[in-house]
Amino acid sequence: MEKTFKPSSGYLYLLILLALIVLGIMGVTQFWYPELTGLAFFTALLVSTGFFFINPNSSRVITLFGKYKGTVKDNGFFWANPFFTKKGISLRARNFESERIKVNDKRGNPILISVITVWRVRDAYKAAFEVDDYASFVKLQSDAAVRSLVGQYSYDNFDDHQTEITLRSGLQEINHALEHALSERLAIAGIEVMEARIGYLAYAEEIASAMLKRQQAEAIVAARHKIVEGAVSMVEMALTDLAGKNIVHFDDEKKATMVSNLMVVLCSDKEVIPVVNTGSLYQ
């Protein structure tokens with residue numbers, strides 16, 4: 001468990017170091033006391049190895065012969081026991097964009113996907129001692145989380161767009177689920193996931209062409225459905241207005257003929273050239 005370590009001020013021990021150097025010089029030049037000179041210079045050398053500094057958003061994990069002493073997160077110039085081991089851990093936010101990997105979705109379709117993760121170290125103790133390399137741990141766990149998540153969703157739903165969340169239509173929900181999954185996986189290393197989102201998403205090359213044709217066919221069917229729906233509404237309105245204003249009266253056969261002609265005109269892809277009948281309606 002992480003605990004705070006309070007080191008001594010580096011400026012105080014810098015003055016002590018200067019005093020030891022002066023004492024050593026005086027021992028040689030004035031007192032001619034070799035033992036004092038040697039002791040002063042040896043102590044100065046030992047003191048000089050205890051200095052260290054910490055930049056903003058950085059930390060040092062302090063250990064003594066393998067025993068954890070604490071973590072220093074304060075910024076500044078410090079001094080600690082020269083026998084302490086001081087391992088630097090950055091607390092800055094980092095971006096990681098994974099490579100595009102091929103994964104099968106819920107329906108078994110191969111897709112290409114990559115993710116962008118913004119993360120930082122929250123617990124320096126866990127980052128230093130719970131995993132070998134926390135940066136590599138982030139990469140490996142991001143890959144594992146993506147593979148696990150993609151297998152739970154379909155890339156797209158061609159049957160009913162309202163039945164389930166898909167990778168293409170539910171990006172906000174997918175990103176939230178990805179962030180939650182990564183947070184759980186990286187908690188052991190003391191890492192906080194600030195943001196996680198899908199950076200690239202597409203069908204794999206071997207099925208991209210077939211799926212594009214399927215999407216185009218679906219779009220054509222949807223457009224046709226809309227056209228027919230509008231045409232039926234217009235024909236209904238025309239028949240209602242004609243009957244309501246007593247402009248003309250149709251029997252069932254003529255109504256069927258008019259409906260057929262209007263549907264052809266309204267639903268045709270090409271421009272329709274009307275044929276004008278100047279005789280009787282029953283010709």
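The values are calculated or read from the model by the stated rules, or taken from the named source; none is laboratory data. Being a predicted model, the structure only gives us computed values, none of them experimental. As a convention, Cβ positions derive from the backbone with ideal geometry for all residues, glycine included, and neighbour counts pool all protein chains shown.
For residue 75, state whether it is out of contact with any Pro (no Cβ under 6 Å at 6 or more places or on another chain), of a type outside the set (Ser, Thr, Tyr) and either modelled with pLDDT of 90 or more or within 27 Å of residue 179 (Cα to Cα) (or both). No; evaluated as a whole, the condition is false for this residue. Being of a type in the set (Gly, Ala, Ser), in contact with a Phe, Trp or Tyr (Cβ under 9 Å, 6 or more places away or on another chain) and either surrounded by 14 or more Cβ atoms within 10 Å (Cβ to Cβ) or more than 30 Å from residue 16 (Cβ to Cβ) (or both) is true for just one of 90, 114. Which residue is that? Exactly one of 90, 114 is of a type in the set (Gly, Ala, Ser), in contact with a Phe, Trp or Tyr (Cβ under 9 Å, 6 or more places away or on another chain) and either surrounded by 14 or more Cβ atoms within 10 Å (Cβ to Cβ) or more than 30 Å from residue 16 (Cβ to Cβ) (or both), namely 114. Which ones in the stretch 129-155 are hydrophobic (A, V, I, L, M, F, W, C) and touching a helix residue (DSSP H, G or I) at 6+ places or on another chain (Cβ under 8 Å)? Those that are hydrophobic (A, V, I, L, M, F, W, C) and touching a helix residue (DSSP H, G or I) at 6+ places or on another chain (Cβ under 8 Å): 131, 137, 138, 144, 145, 146, 149. When 126, 139 are checked against the criterion of being crowded, with 16+ Cβ neighbours inside 10 Å, among the basic types (Lys, Arg), outside any strand (DSSP E or B) and not assigned by TED's automatic domain parsing to the domain that holds residue 25, 126 stands alone in meeting it. On the given criteria, is residue 132 within 32 Å of the chain's Cα centre (by Cα), outside any strand (DSSP E or B), within 28 Å of residue 4 (Cα to Cα) and outside the structural domain of residue 188 (by TED's automatic domain parsing)? Taking the combined requirement at face value, the residue does not satisfy it. One residue stands out in the stretch 51-87 among those that are among the aliphatic types (A, V, I, L, M) and crowded, with 18+ Cβ neighbours inside 10 Å: the one that is nearest to residue 14 (Cα to Cα), namely 80. Comparison of 37, 4, 63, 29 shows that the only residue that is within 30 Å of residue 195 (Cβ to Cβ) and β-branched (Val, Ile, Thr) is 4.
Scanning the stretch 102-111 for residues that are part of a strand (DSSP E or B) and surrounded by fewer than 15 Cβ atoms within 10 Å (Cβ to Cβ) returns 102, 104.
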